[in-house]
């Protein structure tokens, strides 16, 4: 690990600041998952297949993948606050532009720009929090709050998108949900980035080599890619599967949104707390967290398998509830590994690299491949690709955690 690092002066971030960053992260995921909530309506208007729908949902990932390492690289060298504010402004404007009756190719291009904006905030924010919260327990708590915004924002994407579309149209959903981001971008400028860089970070290639030399980071990223494949495949088509069981789009978006809020908040907070308690008792806390999330992923897998083979609505919703609960229990621990094990001078670049890996090999191909298999068989069978990916994430995390602990023993 590099000896050079960055320091900050002044007070550490207080709880209101953590809440503000969490609110920005909430709208990050709300704008991202708007497409999933109203996808059946967009597919109907454009005459899309399942695979086309999966491509539209995952289009933002292209911008996210390409620009996350770039923003991570810049975040270790320049004003992180200005970079994050720029990103929030860009994704909000792109979300609002998605409301236009664009040709499909331009629609895809606008969604790519949403990913470019999200790349800035997503790659820089966790490192900014770590720099201002030196105590591991306080950092773990802050990360739990910050990442609780993922399920809540995702749920609001389904709920707000479905509700606005039912009252007005899906076009208005993009306008009304993109507007708050303009104010959030302005609010970020009131935060200070008073970091003092002790020594310049290494160049790009040396940075990549330094990250790859840390086994727990490599395992965390690879398992996260499998987890992202599963989660995005589920998120893209869960409303469509609900419709096949007799739900109206407006009702399934609200129901699944409620499930996401409850399981996301509970799973993220409980997973963060239990993993920290377990890690504190182990000689290698990072390897312990990997083992924890590996076991949790194995528990979640049969729930996903059963949910998308269910022919009864109550069974589908019950299994979705437990699947989401266990999946979100992995969020805080895996991100804690990525933040806490990162070299001090490569905090934001490590986040950018992890975003590239989990999206390039997970979020980007997941919806598309699930959709392609569903077009050739059925949606229930197509969704089993997500089950397989979730199982593989457990293999990588648990196996990696065990091997790392053995090597250090």
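The values are calculated or read from the model by the stated rules, or taken from the named source; none is laboratory data. Note that the structure is a prediction, hence the values are computed from the model and not measured. Neighbour counts run over all protein chains shown; Cβ positions are idealised from the backbone, glycine included.
General remarks:
- Residue 241 vs. criteria touching a helix residue (DSSP H, G or I) at 6+ places or on another chain (Cβ under 8 Å) and without any contact (Cβ under 8 Å) to a residue 24 or more places away in the chain: no
- Residue within the stretch 287-307 that is more than 23 Å from residue 393 (Cβ to Cβ) and either modelled with pLDDT of 90 or more or assigned to a helix (DSSP H, G or I) (or both) present: no
- Restricted to helices (runs of 4 or more DSSP H) entirely inside the stretch 347-390, those with at least 2 residues that are surrounded by 24 or more Cβ atoms within 10 Å (Cβ to Cβ) are 347-358, 365-376.
- Verdict on residue 189 being without any contact (Cβ under 8 Å) to a residue 12 or more places away in the chain and surrounded by fewer than 19 Cβ atoms within 10 Å (Cβ to Cβ): no
- Selection status of residue 258, in contact with a helix residue (DSSP H, G or I) (Cβ under 8 Å, 6 or more places away or on another chain), farther than 18 Å from residue 34 by Cβ and surrounded by fewer than 24 Cβ atoms within 10 Å (Cβ to Cβ): no
- Candidates 84, 96 - the one that is under 30 Å from residue 206 (Cβ atoms), over 16 Å from the mean Cα position of the chain (by Cα), assigned to a helix (DSSP H, G or I) and modelled with pLDDT of 85 or more: 84
Conditions (1) outside any helix (DSSP H, G or I); (2) more than 25 Å from residue 211 (Cβ to Cβ); (3) at pLDDT 80 or above; (4) in contact with a helix residue (DSSP H, G or I) (Cβ under 8 Å, 6 or more places away or on another chain), marked per residue:
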| site | (1), (2), (3), (4) |
| --- | --- |
| 3 | yes, no, no, no |
| 26 | no, yes, yes, yes |
| 51 | no, yes, no, yes |
| 61 | no, no, no, yes |
| 65 | no, no, yes, yes |
| 74 | no, no, yes, yes |
| 92 | no, yes, yes, yes |
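- Pairing each residue of the stretch 292-303 that is under 21 Å from residue 383 (Cα atoms) with any residue that is not in a helix (DSSP H, G or I), provided the two are 6+ apart or on different chains, yields C-beta distances under 8 Å for 296/329; 296/330; 297/330.
- Some residue of the stretch 393-405 being at pLDDT below 90 and part of a helix (DSSP H, G or I): yes
- Taking the stretch 153-243 as the region of interest, the helices (runs of 4 or more DSSP H) fully inside it that hold 2 or more residues being modelled with pLDDT of 80 or more and under 30 Å from residue 99 (Cβ atoms) are 170-178, 180-188.
Residue-wise test of (1) modelled with pLDDT of 85 or more; (2) touching a strand residue (DSSP E or B) at 6+ places or on another chain (Cβ under 8 Å); (3) surrounded by fewer than 22 Cβ atoms within 10 Å (Cβ to Cβ); (4) assigned to a loop (DSSP other than H, G, I, E, B).
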site	(1), (2), (3), (4)
111	yes, no, no, no
115	yes, no, no, no
137	no, no, yes, no
150	no, no, no, no
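- Close pairs (9 angstrom Cβ cut-off, 6 or more residues apart or separate chains): under 16 Å from residue 361 (Cβ atoms) in the stretch 387-401, not in a helix (DSSP H, G or I) anywhere: 393/330; 397/330
- Note on the stretch 75-96: residues that are in contact (Cβ under 8 Å) with a residue 60 or more places away in the chain and surrounded by fewer than 23 Cβ atoms within 10 Å (Cβ to Cβ) total 9.
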